[in-house]
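Just so it is clear, none of the values below were taken in a lab; they were calculated from the coordinates. Quantities reported herein were computed from a predicted structural model and do not represent experimental measurements. Cβ sites come from the backbone with ideal geometry, for glycine too, and all protein chains shown count toward neighbours.
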Amino acid sequence: MGDNRDPASETGRFTSAVLRVAVAPETFATFLVLALAWVAGFVGVLPKEVWVVDFPALAGALFFDTLAFNEFGIRENAVFYPALVVFGYLEAMVVVAGVQYLRRRLGRVNLAG
């Protein structure tokens, strides 16, 4: 009574789901909101406390920037901003995937009453 699922088809389903989320318009919009929140905090339009929404991306970028400097001698901030973009987009993908999962799971909830 073993598991009859084909691992290759499971991998293909996962890959296509990730690609679908990666190119979804919702992902681009979420990334734009996260980027605007970071920029608004950086230039002082909003208080820097707004960066709490960007925390996962900031933490990942800071980790890789520190790793690049300590282990490879790459000057500081050379890795930080590109890593911030990558991790910000990954964060947007996770948010969109979570929202899509909840919408499928809970169905369409009418908040208007």
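A few notes on this one:
- Answer label for Rg and Dmax of the Cα atoms in Å (calculated), chosen among (1) 15.8, 44; (2) 18.4, 62; (3) 20.5, 69: (2)
- The chain: angle of helix 80-106 to the longest principal axis, Cα-based, in degrees nearest 10: 30 degrees
- Nearest-ten-degree value, helix 55-72 long axis tilted from longest Cα axis of the chain: 60 degrees
- A Förster distance of 30 Å, applied to the separation of the beta-carbon atoms of Val23 and Phe63, puts the FRET efficiency at 0.65.
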